Amino acid sequence: MKQKGCKYLFLLIKKSIERFGPNRAVAVGMQLVLNALARRIKYSRFQMPQNPIARLCYATLMAACLLLAAGRGMANTPDALADYPVKPIRIIVASSVGAADDFFARLLADELENFYQRRVLIENRPGAGGLIGNTKVSRATADGYTLGMIGVTRLITELMREAPPYKALGDIVGVAHVASITNVLAVTRTLPVSTAREFVTYARVRPGELNYASLGIGSASHLAAEVFSRALGIDAVHIPFRVATDSFVEMALGRVHYAIYTLPAALGPVREGRLRALAVMTPQRRPTLPNVPAIAEVGLPEAQFDSWSGIVAPRGTPRRVVEQLHSDIARVLRKGSLRARFVNQGAESTPDTSPEGFMRHMQEEYLRFQSIIKVGSIKPE
């Protein structure tokens with residue numbers, strides 16, 4: 001029995017170290033000891049166990065607890081970062097509940113909570129085209145406990161302001177590219193068209209008669225529609241909305257004619273039959289809407305427009321924390337169940353992009369949007 005007890009103890013320690021790392025394994029052991037002590041003190045006069053193996057376990061774990069407590073006093077040392085996270089993590093989302101960034105942030109937060117056994121909280125800070133939430137991310141303490149789930153709006157909003165309160169890329173470091181998000185061309189069912197080609201032909205001969213919806217001047221949906229309309233020679237009126245649901249109502253009634261939204265946002269109305277999806281704005285079809293052709297497939301590759309979401313941290317966040325976060329996020333993004341949920345919403349998880357690769361991608365996107373805004377003479381309200 002003693003040999004079995006020792007074997008079980010060592011297996012438990014080994015598994016704890018593999019799962020949590022050495023420092024967090026000690027923390028788990030400390031919690032177990034404290035729980036046991038609390039029960040003994042509450043219900044009886046405390047005595048050390050009589051069994052030699054049990055006495056050794058208690059003595060070893062209590063010594064580890066003392067060492068851990070001493071180590072907590074060196075929180076600013078590199079070794080202390082191995083305990084990350086030791087408190088809840090907050091992810092700021094610069095959009096409202098239900099938006100694409102919010103949706104993927106919540107999926108990721110649930111997985112990280114299970115992995116870390118720590119709370120991962122979502123804080124929605126919508127408003128001013130993402131200005132409020134993105135500014136809060138830039139000004140947060142760079143300790144790894146406040147992160148941002150951002151998308152193309154962070155870049156566009158900064159480009160649209162003469163004196164923005166944050167620098168789109170200068171105030172942050174990339175942590176993880178989380179999702180590549182499909183956009184879809186959706187039209188009101190009152191239009192006499194059933195394909196993207198038919199729609200383009202119909203719109204070209206009616207300059208100024210059609211209109212399109214977006215989530216505000218300078219939003220990703222605005223720029224996507226601008227790219228589409230200008231590339232294909234369509235002259236249409238822009239009608240900005242505060243929330244996508246309002247635009248869906250107007251499109252269902254036939255008062256708004258088309259929009260280019262992220263697939264997670266438009267998927268419900270499309271599946272319900274309130275809107276007609278004519279094309280996904282990608283090189284290939286997407287399994288979420290397998291019967292909807294890709295825009296490149298119908299001979300209109302110049303109108304392609306992808307979106308994305310990713311996790312960033314304030315500049316100055318310790319490199320080791322960034323690397324650990326990236327590794328942990330990549331691990332959960334590779335889970336088959338999570339990838340399936342992404343695909344079901346018209347997106348793909350992107351666990352293999354490094355923090356440096358994510359920053360390069362954002363820099364390329366920044367230059368692309370800068371050109372679109374300049375050519376289109378797009379100005380804020």
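At a 10 Å Cβ-Cβ cut-off, how would you order 153, 245, fewest neighbours first?
Exposure proxy ranking, most exposed first: 245, 153.
Kindly give Rg over Rh for segment 321-381, based on alpha-carbon atoms, with the Kirkwood expression for the hydrodynamic radius.
1.15
Using only the alpha carbons of segment 136-208, determine the length spanned along each of the three principal axes and report them from longest to shortest in whole angstroms.
55, 30, 17
Could you give me the ³J(HN,Hα) list for segment 124-132, computed from phi with Karplus coefficients 6.51, -1.76, 1.60 and θ = phi - 60°, whole Hz, x at Gly and Pro?
Rounded to whole hertz, the list is 7, 10, x, x, 6, x, x, 4, 5.
What is the spin-label model distance, in nm, from residue 298 to residue 96 if the labels are put 7 Å beyond Cα along the C-beta direction?
My value for the distance between the label points is 2.9 nm.
May I ask you to list the GluC sites (Glu not before Pro) in segment 211-272 that are in a DSSP loop and have at most 16 other Cβ atoms within 10 Å of their Cβ?
Hits after loop and neighbour filter: 272.
Å³ per residue of the Cα convex hull, for segment 183-303?
88 Å³
Looking at segment 154-236, which trypsin sites (Lys or Arg not before Pro) are in a loop (DSSP not H, G, I, E or B) and have at most 12 other Cβ atoms within 10 Å?
167
With label points built 7 Å along Cα→Cβ from the Cα atoms of residue 354 and residue 339, find their separation and express it in nm.
For the pair residue 354/residue 339, the computed spacing is 2.2 nm.
Given segment 288-344 reduced to its alpha-carbon atoms as identical point scatterers, what log10 I(q)/I(0) does the Debye formula return at q = 0.25, 0.29 Å⁻¹?
-1.04, -1.17
I'd like the Karplus ³J(HN,Hα) series for segment 266-283: coefficients 6.51, -1.76, 1.60, θ = phi - 60°, whole numbers in Hz, and an x wherever there's a Gly or Pro.
Here the 3J(HN,Hα) series is 8, 4, x, x, 5, 5, 7, x, 6, 10, 10, 8, 9, 6, 8, 8, 9, x Hz.
Whole Å is fine, so just give me how far the alpha carbon centre of segment 249-314 lies from that of segment 206-236.
Here the two parts' Cα centres lie 14 Å apart.
FYI, it's all coordinate maths here, none of it is from the lab. Worth saying up front: this structure is predicted, and the values here are computed from it rather than measured. Cβ atoms come from the backbone with ideal geometry, glycine included; neighbour counts cover every protein chain shown.
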